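Taking it in order: structure first as structure tokens, then the write-up.
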Amino acid sequence: MKRADGRAWDELRPVRITPGFQSFAEGSALIELGKTRVLCTVSVDERVPSFLRGQGGGWITAEYAMLPRSTVTRTPRESSRVGGRSQEIQRLIGRSLRAVADLNALGERTLIIDCDVLQADGGTRTAAITGAYVALHQALQTMVNMGVLSSIPLRSTVAATSIGIVHGYQLLDLCYDEDFNAAVDFNVVMTSKGEFVEIQGTAETKPFTKEAVDSLLALAEKGIKQLFQIQQAALEVLKTG
């Protein structure tokens, strides 16, 4: 199947991660996934939430927002109350990054990850996770360089992608039009150890089989392995930059 943008069924959109995109954040990265663009920044707060005080460990949390004209029509700012979708996504981002971090090694401090969608064409939550890992890695390296940490407390890499069944075809990395027309829609988060952090799967029209799940997860793993390579290349730029 040839897709609207000319990709093969098992092909990612063009991906580019620009590390250190912001000058003042401890860590930052701009991820571009086709027309989707998400700016990820990491800030260090020398405090932890009240439920962690006195325990010696740290915390990683996330906030997610879409700029008003990141979509075809204006999306109002969530200035007073975070909407249900944004709340779900920022919890997903936080869980995904905490899954690969040694929180005890952070000390009693919080790393706040801000993911702002500059332009949305599907896959914003998975792009946010993939880009946020690079920003987090840079922030932790900054803390090592300052002598705050002795080493980078990450157990593995983490990245995410979307998969789905559209008009009977299994597709990797859905753009908005494909996602809108998907009969089955999955978001998958994996570590570089081959472990799953989260699998979100929904049948929009008719139920799916276990065989379809196995095949879709294999497709997701293929794409995520490519994302690991792109993340590593971005981090190498930081080392040589």
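Here are a few things to note about the model shown:
- Close Lys pairs in the chain (alpha-carbon distance under 26 Å; sequence gap of 8 or more, or different chains): 15.
- Computed over the Cα atoms of segment 143-223, pair by distinct pair, the Kirkwood hydrodynamic radius stands at 14.1 angstrom.
- Residue among Ile129, Ile199, Ile224 with the largest mean-square fluctuation in a Gaussian network model of the chain, springs linking Cα atoms under 10 Å: Ile199
- Charged neighbours of Val117, selected by a Cβ distance under 13 Å, balance to 0 (K, R count +1; D, E count -1).
- Neighbour-limited loop hits for GluC sites (Glu not before Pro), segment 146-219 (at most 14 other Cβ within 10 Å; DSSP other than H, G, I, E, B): Glu195, Glu204
- Net charge of the neighbourhood of Arg3, taken over other residues with C-beta under 12 Å away and scored Lys/Arg +1, Asp/Glu -1, is -3.
- Helix-only mean residue ellipticity at 222 nm for the chain, each DSSP H run of n ≥ 4 adding -39500 (n - 2.57), per residue, nearest 500: -10500 deg cm²/dmol
- Scanning the chain for trypsin sites (Lys or Arg not before Pro) that sit in a DSSP loop and have at most 13 other Cβ atoms within 10 Å, the longest stretch containing none of them is 82-154.
- Separation of alpha-carbon centers, segment 141-173 and segment 1-65, rounded to whole Å: 8 Å
- The eigenvalues of the Cα gyration tensor, multiplied by 5 and square-rooted, give the chain an equivalent ellipsoid with semi-axes of 30, 19, 18 Å from largest to smallest.
- For the chain, a simple Cβ point-charge model (Lys and Arg +1, Asp and Glu -1, everything else neutral) yields a dipole of about 220 debye relative to the Cα centre.
None of the figures in this text is laboratory data; all of them are computed from the coordinates on show. These figures come from a predicted structure and were not determined experimentally. Here Cβ is always computed from backbone atoms with ideal geometry, including for glycine, and neighbour counts include all displayed protein chains.
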